[in-house]
Amino acid sequence: MAAPPPGPRWLAAFFAYETTKSVVVKSWVVGAVNRAVQLLILSYFLGWVFLHEKAYQVRDTVIESSVVTKVKGVGKYAGRVLDTADYVTPPQGTSVFVVITKRIVTENQEQGLCPESDARYRCTADSDCPKDSPAATGSGVLTGRCVRYNGTRRSCEIRGWCPPEVDTVEAPVMLEAENFTLLVKNSVRFPLFGFEKANLPPDAPAGELSRCRFHPARRPLCPVLRLGDVARWAGQDFGTLATTGGVLAIKIGWECDLDQPWERCLPRYSFSRLDGAATTATGYNFRSARYYRRPDGTERRCLTKAFGIRFDVLVYGSAGKFSIVPTLVNVVAACTSVGVGSVLCDLILLHFLKGAEHYKARKFEEVPEASPPRRSAGPTAPGGGEMGSTDAATVSL
């Protein structure tokens with residue numbers, strides 16, 4: 001037998017070489033496990049990775065979007081007839097706008113001294129009103145005086161816009177807004193592919209848009225939405241929403257497979273509420289003022305606290321198209337993953353089945369380095385060969 005390589009054992013182990021040895025194991029159990037694992041892996045890659053996730057495509061998630069909105073409808077509020085110029089802000093038709101449904105108006109305000117209207121600033125003496133302390137939610141700066149508010153109570157005096165706002169009064173609600181319509185014009189572009197598409201049907205007749213109304217099942221591509229339906233699809237009551245205000249999202253999703261025809265890339269609409277209806281600070285409102293001067297030169301303003309429904313049009317999406325690079329990467333990953341079945345079967349054979357030691361002896365084999373045959377002078381064997389001793393390489397099992 002040839003001697004092992006000279007030097008320390010760790011050096012010999014470092015320079016050892018391992019090569020694959022094929023062992024055919026005729027076992028129904030191991031064979032069934034191997035084929036089952038291979039079938040499971042192939043099904044995952046074919047069904048989920050390639051068909052569902054479309055891993056053979058390169059995807060563009062950078063979506064360029066333009067949104068233009070237009071609200072139509074006429075309503076009655078406090079004895080007045082209001083159109084879109086009265087209740088829509090801002091009027092430019094952006095992707096974020098408000099439909100005002102309730103107003104609390106404080107007219108003829110001017111700079112001066114007056115009692116605070118907020119009940120939290122009731123007082124009985126001047127010591128209850130610290131001077132020059134700005135009221136956190138009040139209408140002005142405290143002067144340090146406790147003055148008469150009405151015939152029944154006293155309140156801290158403020159310096160600011162007088163008379164102060166009283167936002168606890170009851171105000172009418174424009175419930176006609178439930179039947180107002182909203183036209184959403186959306187154009188998107190995926191720059192990686194130079195692909196452009198709009199949500200307006202390109203071949204729709206001129207009067208079709210004015211007659212159609214969006215419905216998730218019957219008219220899923222109509223870009224005209226009824227405001228009451230938007231609130232209902234978001235799971236909200238329109239009357240309550242118009243009274244307290246709120247924020248609704250109109251989501252337009254573009255998930256496009258560009259391997260399909262151009263007309264197959266279609267928008268998908270969904271709706272939700274964004275301002276947290278379950279929180280204590282629910283609702284939506286804002287204040288605005290209109291300033292003017294009287295003939296005597298004094299500046300005055302009309303303060304409006306507006307409640308309304310804010311609509312946010314949100315656009316998202318991605319596009320995919322076949323590419324050879326991700327296809328090859330995932331094919332190689334699938335072929336490599338099939339080898340997991342062999343690893344699992346080896347674990348079963350080496351540790352769990354009867355006769356594991358016999359399988360180990362067949363699978364693992366050490367072969368020392370063979371030494372060249374040594375020749376010695378001697379008589380010539382019959383047939384012309386040289387007689388002598390030869391060391392042959394021995395395989396250890």
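The values are calculated or read from the model by the stated rules, or taken from the named source; none is laboratory data. Quantities reported herein were computed from a predicted structural model and do not represent experimental measurements. For neighbour counting, all protein chains shown are included, and Cβ atoms are generated from backbone atoms with ideal geometry for every residue, glycine included. Protein only, heavy atoms only, side chains kept; ligands, DNA and RNA dropped before computing areas. Shrake-Rupley method; radii C 1.70, N 1.55, O 1.52, S 1.80 Å.
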Length released on extending from ASN179 to VAL29, taking residue separation times 0.36 nm less the Cα-Cα span = 47.1 nm
If you place +1 on the Cβ of every Lys and Arg and -1 on the Cβ of every Asp and Glu, how big does the dipole about the Cα centre of the chain come out, in debye to the nearest 20?
-> 860
Please list, in chain and number order, the residues 5+ apart from GLN111 or on another chain whose amide H is under 5 Å from its amide H, with Hs placed from the backbone.
-> CYS162
Over all distinct alpha-carbon pairs, what is the Kirkwood Rh of segment 186-333 in angstrom?
-> 19.3
Please give every one of the aspartates and glutamates within straight-line cross-link reach of LYS197, meaning a C-alpha to C-alpha distance under 18 Å, and leave out same-chain neighbours fewer than 8 residues apart.
-> ASP60, GLU64, GLU255, ASP257, ASP259, GLU263
Report, as a whole number in µm² per second, the diffusion coefficient that Stokes-Einstein gives for segment 163-255 at 37 °C and 0.692 mPa s using the Kirkwood radius over alpha carbon pairs.
-> 205
Could you go through segment 320-334 in sequence order and give the Karplus-derived ³J(HN,Hα) for each residue, using 6.51 cos²θ - 1.76 cosθ + 1.60 with θ = phi - 60°, rounded to whole Hz, and x for Gly and Pro?
-> x, 8, 4, 9, 6, 5, x, 5, 5, 4, 6, 5, 5, 4, 5
Charge dipole of segment 30-153 about the Cα centre (unit charges at C-beta), most positive-ward option of PRO130, GLY79, GLN57 | GLY79
What residues have an amide H closer than 5 Å to that of PHE180, excluding those fewer than 5 places away on the same chain, when H is modeled at 1.01 Å from N in the peptide plane?
-> LEU227, GLY228
Matching label, Cα extents along the principal axes in Å computed from the structure shown, candidates [x] 121, 60, 50; [y] 143, 68, 42; [z] 55, 50, 39 = [y]
Net length gained if the chain between THR243 and ARG219 were fully extended (0.36 nm per residue, minus Cα distance) = 5.7 nm
Within 10 Å, count the other beta carbons around each residue, average over each peptide in 310-318, 27-35, 50-58, and list them highest first.
-> 310-318, 50-58, 27-35
Toward the positive end of the charge dipole of segment 208-251, about the Cα centre and with charges on Cβ (Lys, Arg +1; Asp, Glu -1), which of LEU221, GLN236, VAL247 goes farthest?
-> LEU221
Starting from the Cα-Cα distance between THR20 and ALA78, subtract it from 0.36 nm times their residue separation and give me the gain in nm to one decimal.
-> 12.0 nm
Placing +1 on each Lys and Arg Cβ and -1 on each Asp and Glu Cβ in the chain, then taking the dipole about the Cα centre, the residue among SER43, VAL23, ASN330 whose Cα reaches farthest towards the positive end is SER43
With each run of n ≥ 4 DSSP H residues scored as -39500 (n - 2.57), what mean residue ellipticity at 222 nm is computed for the chain after dividing by its residue count and rounding to the nearest 500 deg cm²/dmol?
-> -5500 deg cm²/dmol
Exceeding the 30 Å Cα-Cα cut-off - candidates LYS76/LYS305; LYS70/LYS321; LYS251/LYS305; LYS102/LYS185 = LYS70/LYS321
Can you list the aspartates and glutamates whose alpha carbon sits under 17 Å from that of LYS354, skipping same-chain ones fewer than 8 residues off?
-> ASP346
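Quick one: net charge around LEU113, please, counting Lys, Arg +1 and Asp, Glu -1 for every other residue with C-beta under 10 Å from its C-beta.
Result for the neighbourhood of LEU113: +1.
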Arranged from highest to lowest average of other beta-carbon atoms within 10 Å per residue, in what order do the peptides 340-347, 180-187 appear?
-> 180-187, 340-347
Could you state the accessible area per residue of the chain in Å², with a 1.4 Å probe and every protein chain left in place?
-> 63
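Counting only protein heavy atoms and using a 1.4 Å probe, what share of the accessible area of segment 57-133 belongs to carbon plus sulfur, as a whole percent?
49
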